[in-house]
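Have a look at the structure below, then the notes.
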């Protein structure tokens, strides 16, 4: 695994040193050594926060830079796959330099929680800013952004009046018309984890079997691939995260724009529990060497300024009320959100893994 390491510094002097280093023949060695020292707690600045993140968005860099400018706390960032970051922190043990873990779904926050990686945080700032349903009941971690799991449909093949719920897609009328990615995908697993919590395991397994029976093709690719398959007529509907469609709609590529124009967005379950949402979120590591800075970092991510960048740069929904969202996302319309606490998804994950295997969902 190749880890991506970066530091965000606020001072002009440090920026000048980085620029000078870039002109040096030994740049790669010098930068690697400097970054390693920073992540191991040997940075020149005493005010640091070491962030391990599975989010890979340039917009996050802007937020981290603004946090440093606002607080003077330098952000040392390591990016990687969430499961590998969790394993790394475990292997580092009590000597881990990690202060904060950021992941892109509630399921992996639960995995980190189960591994004992987080410490409970009682922050009035976070408790007041973030809705109860989007944070751990005991303060182990906090949601930062929301992603709605929506139905994308082919506008030539489906009248939106035919659509209603996730559950309805398992009914016989959708046989040979559904696309969805692998059951191993954490977004699908979290959706089914929420179903187990509200409908029970038996009903969720029956739904999974119905989805398998209605597949237009074997599960393959990511959410963007499902949307493109719907636009191409390979299937009539798919279950995806909303922001993948928004990316296509905002793309400079004419082919991507055609995909967006050929498809529509439907928010399921509006007449009952509401549309399922997942989160990206963060928690403070139990052995954090800079725990106060870690709390300040997460609190900053819940400010309106940071939330606006999350929402408008990456097409996500903010967790804080009153923050403007991206215009393309806004055009999708308002919707009722399932207010089930997202912390329920993870504990049901082991049962999800077993039931999708029984259902034959690859």
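Any read-out appearing in this document is the output of simple, stated calculations on the displayed coordinates, not a laboratory observation. This structure is a prediction, so every number in the text was calculated from the model and none was measured. Glycine also receives a Cβ, built like all others from the backbone with ideal geometry; neighbour counts cover every protein chain displayed.
Here each label is just a point 7 Å from Cα along the line to Cβ, and for residue 124 and residue 156 those points are 6.0 nm apart. Along the Cα→Cβ direction, 7 angstrom out, place labels at residue 357 and residue 69. What is the inter-label distance in nm? Label at residue 357, label at residue 69, 5.1 nm between them.
With a Förster radius of 41 Å applied to the beta-carbon distance between residue 90 and residue 251, the computed FRET efficiency rounds to 0.60. Per residue, the convex hull spanned by the alpha carbons of segment 69-154 comes to 166 Å³.
Calculated mean residue ellipticity at 222 nm for the chain: -12500 deg cm²/dmol, from DSSP H runs with n ≥ 4 weighted as -39500 (n - 2.57), summed, divided by the residue count and rounded to 500. Listed by Cβ neighbour count within 10 Å, with the fewest neighbours leading, 335, 67 appear as 335, 67.
The gain in end-to-end length when the residue 132 to residue 305 segment is fully stretched comes to 60.2 nm, 0.36 nm per residue minus the alpha carbon separation. Within the chain, the percentage of alpha carbon pairs spaced more than 29 angstrom apart rounds to 44%. Rounded to the nearest 10 degrees, the inclination of helix 291-301 to the longest alpha-carbon principal axis of the chain is 50 degrees. Ordering 159, 83, 105 by the number of other Cβ atoms within 10 Å of each residue's own Cβ, fewest first, gives 159, 83, 105. The label-point distance for residue 313 and residue 114, in a model that sets each label 7 Å from Cα toward Cβ, rounds to 3.3 nm. How tilted is helix 186-199 with respect to the longest principal axis of the chain? Cα atoms for both, answer in degrees (0 to 90, nearest 10). For 186-199 against the chain, the angle is about 60 degrees. For segment 296-326, backbone nitrogen atoms closer than 13 Å to the point 7 Å from residue 58 Cα along Cα-to-C-beta are found at 313-314. Considering Cα pairs under 8 angstrom that are at least six residues apart, work out the relative contact order of segment 204-254 and quote it in whole percent. Normalised by residue count, the contact order of segment 204-254 is 29 percent.
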